[in-house]
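Trainee: Next up is a structure, given as structure tokens.
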Amino acid sequence: MTTSAPTTGPAPVTDTPPVIAVVSKKAPVILAVVTVALAAAVALGSQSGDTSFRLATRNDFVEIPDITVPAVGTAWVAVVLMALCAAESVRRYLAHRDTPLWLVAVFSVIGMIGFLGWAAAGATLPVVGLLAGALALAVPLVFGALGGVLGERVGVVNIAIDGQLLAGAFAAALVGSVAGSAWVGVLGAAAAGALVALILGVFAISYFVDQVIVGVVLNVLIVGLTSFMFSQVLAPNAADLNSPPRLGPVTIPVLGDIPVIGPILFRQSALVYLLYVAVAVVTWALYRTKWGLRVRAVGEHPKAADTVGIDVVRTRYRTVLIAGAIAGAGGAFYTLVSVSQFNREMTGGAGYIALAAVIFGKWDPIRATLAALLFGFASNLQGVLSVIGSPVPSEFMLMLPYVVTVFAVAGLVGQSRAPAASGVPYRKG
Amino acid sequence: MQLELRDVTKRFGSLVANDRISLTVAGGEIHCLLGENGAGKSTLMNVLYGLYRADEGEIVLDGEPLQLDGPGDAIAAGIGMVHQHFMLVPVFTVAENVMLGNEETGVAGSLDIDAARARVREISDRFGFHVDPDAVVGDLPVGVQQRVEIIKVLSREAKVLVFDEPTAVLTPQETDELMEIMRQLRASGTAVVFITHKLREVREVADRITVIRRGRVVGEADPTATNTELAALMVGRPVELTVQKDAPTLGEEALVVRDLTVADSTGMVHVNGISFEVRAGEVLAVAGVQGNGQTELTEALLGLQEHVKGSIRLDGRELVGRKVRQVLDAGVGFVPEDRQVDGLVGTFSIAENLMLDRSFGAPFVRAGSVQVGRLEEFAREKLQEYDVRAPGIHTPAGNLSGGNQQKVVVARELSRDLRLLVAAQPTRGVDVGSIEFIHQQIIATRDSGVPVLVVSTELDEVVALADRIMVLYRGQVVGIVPADTPREVLGLMMTGERPAGAVA
């Protein structure tokens, strides 16, 4: 019997195997493409003059003066800085290292300033209004994303977020009008969202139907149902049934007067304050309570949860209903804050963007909220730029939120892991 | 304390998994439940744990009949279970896993993680476990994960502790430590039920042995019974425990692997620069505890892994960087470690499964259409030759027993013109009769001059088949040693220790 030795001779056996860097080239490619795109836009577009960034609003403690910069110059400086960031990303890729998140963040901020400076040439850009509007537009996305995070964390993929938002919007208008109270309308919205979630739950949890299919079908069903009810019931009786009281902006004393921060965060509708509470409570409950521990266990390894006496089905139902109620409450934004009446298909697919925020946010409530805010920013940017008259075609700008969604989810998420049992029905035995 | 199962019967459709099984276990004793894979041991324990409901019979604890509607009821009654596939949430910490379902809470349902930590430390110290309550379970070695399972059960004050095939994933040393833990539990008055099919372990710790075959109790045995007696009782006929084989007729070095490194998509290295060679007509058996790079090694040989560095040469031809089909065409036969996932398509018929990796052309496909007649003839022939017990060639492979499924996989791979056979866990979950048969086939392949690489986590199988043994630990070769190396030395090597005299 021969015992052979490898050519390298015996190396000592180690307990911790090394890690080889497996680097994706997505980040450097995306950074380079975006840099070139902005450079091309600046070079080919005929922009001139100065751009003012307005940071002040009325009622601030201190008045911050406008910042005025030459439009094209600013854009070129930004392009150079972006190129440096992209080069650094390429250098790291060649050295088998990942592009860190901070580099992407720095790149994005510089790119945004450069783009805004260029696109708003000759005009004044209301920075505070842009950001405050972004937060307002992100409200349904954040509520939807919270609902999505909870659903997936317990193992049920909630494609029906859009349906829950739409059902919430419809119920908020109807209930709010009948009761004459916006807050009762919000409750109605939550109940409607929970009802959609109940249907999702019955099919996905009790009957093991494919969750993606049920979710999509529910979305289509809710579109049809609300459109029908709208034309048959709401439209003919608009004064009684489709004119809910509005949830107008409420300024929080003191906090609302802080320059920049105040008008963005604390001069919002009451629904935004409800959102702050919802994000905090969901995060705390998910990570710090018995309920949250069980939810996460059921979403990761339902059988393990079952073997320690946790009722998987009940936990899933309960969590999915709560998730639906949260998403539904977000739908109230459309009919109680945005406009004061219900309209057909008024969510415009926001539920799908919320779903993207769930993935971009790596199934974490805080990160999903930040992702939703990013998408809200993209939506509002489109609106603001068309108002001040930018050279970018409005059709292109309308694509912006969705383009950002695709880039964010496809390119820059990095390593992320869904809850292990997400989308998998639990069958006993 | 006395737990009694009286005439427990459990059926799945027409299959009777447990047929009037009666069993008693008392505090302070270790009762072994011995039986082959598929004999119904796990079903019985799932009934006891409330995961399945018995169709007939009752479970009685200290004279009181138990109504078990779920694991929660079993836990409340003081029954704990250490599952074969650990019931731990990999992304949770040890403390979180231990507290799950049994949480101590503060204000508004907030978790008292400190109480859970203290509890883990207390039990860990009592048994000398050395488990860090804040470690993430998925990062722990399997042996430690099993201790977490034991802590979890003990923290619920179990009076009856069921171990379901607990040694399948352990090194021999860890197995010894587990036996010691069982003795400690027995000394503290706990009733221990130990389910296994490994005779050596039974004889070491059991106070009483109950043997189950095809869902029925077929006898009780003393711990003093010999291996041969126990095996005969378990299988129902005399069994050959060793593999008949002659000294190998060695040929040229056929498979030469040099500095092979395999990483996963996160960059974690699973096979770390290993080199070895297998000569024609030789069986090189790869020993090691599961999860030490065996899966990645065999998959890299077939071209299934993405991040592979180094060289794999078969008869002088480089295989690294080739597509799976090219590797198959080069004459590599592959028995994957999980036949139900990678070896068979359960809903396909036996015949279709037999042509699964030959769908590109002759003899089974001509001008894009399957030659049904030729395939059926071939399938009937193989069914006969490999003694596959099935109603017919059109039976879905998923309906077969584990042993017969594996015979289908082996038949498919061995009926090609092979230049190398890679067999990963060839007899996992396979009955003793089929094990004998598959082992004979592997040796016959060797004797026909084909180099064979066998990967097994069962040391008995490694020793039985090997001409040489390569021990893997954390993706590295600890050593390549002769087949007659003492088990104790192999066991040590499986923990990463390189014994004096063994050359890597």
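Coordinate-derived values only; no laboratory data. This structure is a prediction, so every number in the text was calculated from the model and none was measured. Cβ placement follows ideal geometry from the backbone for every residue including glycine, while neighbour counts extend to all protein chains displayed.
Trainee: List the trypsin sites (Lys or Arg not before Pro) in region B:315-411 that DSSP assigns to loop (not H, G, I, E or B) and whose Cβ has at most 14 other Cβ atoms within 10 Å. Which are they? Mind showing how you got there, number by number?
Mentor: Details: sites: B:Arg317, B:Arg322, B:Lys323, B:Arg325, B:Arg339, B:Arg358, B:Arg366, B:Arg374, B:Arg380, B:Lys382, B:Arg389, B:Lys407; in loops: B:Arg322, B:Lys323, B:Arg358, B:Arg389.
Listed in order of number, the matching sites are B:Lys323, B:Arg389.
Trainee: So how do B:Ser448, A:Ser243, A:Ser390 line up by other beta-carbon neighbours within 10 Å, fewest first? Could you put the intermediate results ahead of the total?
Mentor: Numbers: B:Ser448 12, A:Ser243 18, A:Ser390 24.
Taking fewest neighbouring Cβ atoms as first place, the list is B:Ser448, A:Ser243, A:Ser390.
Trainee: From other protein chains only, count the Cβ atoms within 10 Å of every residue's Cβ in B:472-485, then give the mean. Write out the running numbers ahead of the final one.
Mentor: Numbers: counts 1, 4, 5, 4, 6, 4, 2, 3, 5, 2, 3, 1, 1, 0.
Counting other chains' Cβ atoms within 10 Å and averaging over B:472-485 gives 3.
Trainee: Taking only the C-alpha atoms, wrap a convex hull around region B:138-286 and report its volume per residue in Å³ as a whole number.
Mentor: 185 Å³
Trainee: Let me ask something additional. If Lys and Arg each add +1 and Asp and Glu each add -1, what is the summed charge of the other residues whose beta carbon sits under 15 Å from the beta carbon of A:Asn219? Could you put the intermediate results ahead of the total?
Mentor: Values: positive: A:Arg344; negative: A:Asp162, A:Asp210, A:Glu345.
Net of charged neighbours comes to -2.
Trainee: Amide H of B:Val365: which non-local residues (sequence gap of 5 or more, or other chain) have their own amide H closer than 5 Å, using H built in the peptide plane?
Mentor: Under 5 Å from the amide H of B:Val365: B:Gln371.
Trainee: Can you list residues from other chains, or at least 5 along the same chain, whose modelled amide H is less than 5 Å from the amide H of B:Glu56?
Mentor: Close amide H contacts, sequence-distant or interchain: B:Thr9.
Trainee: Percent of alpha carbon pairs in region B:347-504 separated by more than 25 Å? Before the final figure, lay out each step's value.
Mentor: Numbers: 5122 of 12403 pairs.
In whole percent, the long-distance tail amounts to 41.
Trainee: Rounded to whole Å and ordered largest first, report the semi-axes of the equivalent ellipsoid of region B:423-484 derived from its Cα gyration tensor (root of 5λ).
Mentor: Numbers: eigenvalues 81, 44, 19 Å².
Output for region B:423-484: semi-axes of 20, 15, 10 Å.
Trainee: Which helices, taking whole DSSP H runs in chain A, have alpha carbons extending 20 angstrom or more along the helix axis plus mean Kyte-Doolittle at least 1.0?
Mentor: On the way: long enough: A:26-44 (27 Å, 2.28); A:71-94 (34 Å, 1.29); A:101-119 (26 Å, 2.12); A:127-153 (36 Å, 1.76); A:161-179 (26 Å, 1.52); A:182-201 (28 Å, 2.12); A:211-229 (26 Å, 2.16); A:270-288 (27 Å, 1.76); A:312-332 (30 Å, 0.79); A:365-388 (34 Å, 1.38); A:394-411 (25 Å, 1.62).
Passing helices, by number: A:26-44, A:71-94, A:101-119, A:127-153, A:161-179, A:182-201, A:211-229, A:270-288, A:365-388, A:394-411.
Trainee: When the Cα atoms of chain A are enclosed in a convex hull and the volume is divided per residue, what value in Å³ results?
Mentor: On the way: hull volume 88.7 nm³, N = 429.
In chain A, the Cα convex hull volume per residue is 207 Å³.
Trainee: Could you give the length gained by full extension between B:Leu304 and B:Ala330, i.e. 0.36 nm per residue of separation minus their alpha carbon distance, to one decimal place? All intermediate terms of the calculation are to be shown ahead of the outcome.
Mentor: Numbers: separation 26, 0.36 × 26 = 9.36 nm, distance 1.48 nm.
Answer, rounded to one decimal: 7.9 nm.
Trainee: Using a 7 Å offset from the Cα along the Cα-to-Cβ direction at both B:Glu458 and B:Val142, what is the distance between the two label points in nm, to one decimal?
Mentor: Going by the 7 Å Cα→Cβ label model, 1.4 nm.
Trainee: May I pose another question? Just to verify a number: FRET efficiency for A:Val254 and A:Ser386, C-beta to C-beta distance, R0 = 35 Å, to 0.05?
Mentor: Values: r = 35 Å, r/R0 = 0.99.
E(calc), rounded to 0.05, equals 0.50.
Trainee: Another question about this same structure. Can you tell me the mean projection area, over all orientations, of the convex hull of the protein assembly as shown's alpha carbons? Units nm², please.
Mentor: Working: hull surface 182.7 nm².
The number I arrive at for the protein assembly as shown is 45.7 nm².
Trainee: For region B:245-252, what does the Karplus curve 6.51 cos²θ - 1.76 cosθ + 1.60, with θ = phi - 60°, yield as ³J(HN,Hα) per residue in whole Hz, taken in order and with x for Gly and Pro?
Mentor: Taking θ as phi minus 60°, the curve returns 7, 8, 4, x, 9, 7, x, 5 Hz for region B:245-252.
Trainee: Mean projection of the alpha-carbon convex hull of region B:239-325 over all orientations, in nm²?
Mentor: Details: hull surface 29.7 nm².
The number I arrive at for region B:239-325 is 7.4 nm².
Trainee: To continue, here is another question. Return the lysines within reach of A:Lys26: Cα separation strictly under 20 angstrom, same-chain partners fewer than 8 residues apart disregarded; answer none if there are no such residues.
Mentor: Partners found: A:Lys362.
Trainee: GluC sites (Glu not before Pro) within region B:454-504: which are DSSP loop residues with at most 10 other Cβ atoms inside 10 Å? Kindly include the intermediate steps, with their values, before the conclusion.
Mentor: Working: sites: B:Glu458, B:Glu461, B:Glu488, B:Glu497; in loops: B:Glu458, B:Glu497.
Passing both the DSSP loop test and the Cβ count: no residue.
Trainee: For region B:26-148, take N as its residue count and report Rg(C-alpha) divided by 2.2 N^0.38 Å.
Mentor: Working: Rg = 16.8 Å, N = 123, 2.2 N^0.38 = 13.7 Å.
Relative to the rule-of-thumb radius for its length, region B:26-148 sits at 1.23.
Trainee: Under 23 Å between C-alpha atoms is the cut-off here; go through region B:2-235 and count lysine pairs that meet it, provided they're at least eight residues apart or on different chains.
Mentor: Lysine pairs meeting both conditions in region B:2-235 amount to 4.
Trainee: For the pair B:Ala135 and B:Asp447, how long in nm is the line joining their label points, each one 7 Å along Cα→Cβ?
Mentor: Rounded to a tenth, the inter-label distance reads 4.7 nm.
Trainee: Still on this structure: Could you size up the charge dipole of region B:385-460 around its Cα centre, putting +1 on the beta carbon of Lys and Arg and -1 on that of Asp and Glu, and report it in debye to the nearest 20?
Mentor: On the way: 7 positive and 9 negative charges, 52 e Å.
In total the dipole reaches around 240 debye.
Trainee: Then there is this: What FRET efficiency, computed as 1/(1 + (r/R0)^6) with R0 = 41 Å and r the Cβ-Cβ distance, is obtained for A:Glu63 and A:Trp284, rounded to the nearest 0.05? Let's see the in-between values first.
Mentor: Details: r = 38 Å, r/R0 = 0.93.
In this case the efficiency is close to 0.60.
Trainee: Something else: So what J values fall out for region B:299-316 if you push phi through Karplus, 6.51 cos²θ - 1.76 cosθ + 1.60 with θ = phi - 60°, rounded to Hz, Gly and Pro as x?
Mentor: My calculation for region B:299-316 gives 5, 5, 4, 8, x, 8, 9, 8, 9, 10, 10, x, 9, 10, 10, 10, 6, x Hz in order.
Trainee: What are the ³J(HN,Hα) couplings of region A:48-53, residue after residue, when phi is run through the Karplus curve with 6.51, -1.76, 1.60 and θ = phi - 60°? Round to Hz, x for glycine and proline.
Mentor: Per-residue couplings from phi come out as 8, x, 9, 10, 10, 9 Hz.
Trainee: Which of A:Thr35, A:Phe61, A:Ile113 sits farthest toward the positive end of the charge dipole of region A:26-122, with +1 on the Cβ of Lys and Arg and -1 on the Cβ of Asp and Glu?
Mentor: Final value for the positive-end residue is A:Thr35.
Trainee: While we're here: Let me check I've understood the local charge: for B:Leu328, count other residues with C-beta under 13 angstrom from its C-beta, Lys and Arg +1, Asp and Glu -1. What total comes out? Present the calculation step by step, with values, prior to reporting the outcome.
Mentor: Numbers: positive: B:Arg322, B:Lys323, B:Arg325, B:Arg358, B:Arg412, B:Arg416, B:Arg419; negative: B:Asp329, B:Asp357, B:Glu413, B:Asp417.
Here the charged neighbours net out to +3.
Trainee: A follow-up question, please. Taking only the C-alpha atoms, wrap a convex hull around region B:1-80 and report its volume per residue in Å³ as a whole number.
Mentor: Values: hull volume 7.0 nm³, N = 80.
Once divided by residue count, the hull of region B:1-80 is 87 Å³.
Trainee: Continuing with the same structure: Which order do A:Lys362, B:Lys152 fall in if you start with the one that has the fewest other Cβ atoms within 10 Å? Walk me through the intermediate numbers first.
Mentor: Values: A:Lys362 17, B:Lys152 28.
The fewest-first ordering by Cβ neighbours comes to A:Lys362, B:Lys152.
Trainee: If you project the alpha carbons of region B:2-235 onto the principal axes, what extent comes out on each, in Å, largest first?
Mentor: On the principal axes, region B:2-235 reaches 54, 38, 31 Å in Cα extent.
Trainee: Still on this structure, I have one more. Given a Förster radius of 60 Å and the C-beta distance between B:Ser22 and A:Gln232 as r, what FRET efficiency does 1/(1 + (r/R0)^6) yield to the nearest 0.05?
Mentor: Details: r = 67 Å, r/R0 = 1.12.
Given R0 = 60 Å and the Cβ-Cβ separation, E is 0.35.
Trainee: Given Cα pairs under 8 Å that are at least 6 residues apart, what percent is the relative contact order of chain B?
Mentor: On the way: 1029 pairs, mean separation 73.3, N = 504.
Relative contact order comes out at 15 percent.
Trainee: Tally Lys/Arg at +1 and Asp/Glu at -1 over every other residue whose Cβ is under 10 Å from the Cβ of B:Ala263; what's the total?
Mentor: Residues close to B:Ala263 contribute a combined charge of -2.
Trainee: With the contact rule set at Cα under 8 Å and sequence spacing of 6 or more, what percent relative contact order holds for chain A? Intermediate values should be presented prior to the final figure.
Mentor: Details: 788 pairs, mean separation 104.5, N = 429.
Averaging sequence separation for qualifying contacts and normalising by length gives 24 percent for chain A.
Trainee: Also: Take A:Ala179 and B:Glu385, extend 7 Å from each Cα along the Cα→Cβ direction, and tell me the distance between the two endpoints in nm.
Mentor: The answer from the label model is 7.6 nm.
Trainee: Working from the pairwise distances between different alpha carbons, so that the mean of 1/r is found and then inverted, what is region A:26-122's Kirkwood radius in Å? Intermediate values should be presented prior to the final figure.
Mentor: Working: mean 1/r = 0.0689 Å⁻¹.
Mean inverse Cα-Cα distance, inverted, gives 14.5 Å.
Trainee: Order by neighbour count: B:Cys32, A:Cys85, fewest other Cβ atoms within 10 Å first, most last. Walk me through the intermediate numbers first.
Mentor: Working: B:Cys32 26, A:Cys85 23.
Taking fewest neighbouring Cβ atoms as first place, the list is A:Cys85, B:Cys32.
Trainee: Separate question: Considering amide H positions built from the backbone, and no H for Pro or chain starts, which residues 5 or more places from A:Thr289, or on another chain, come under 5 Å of its amide H?
Mentor: The list, which skips near neighbours in sequence, is B:Leu111.
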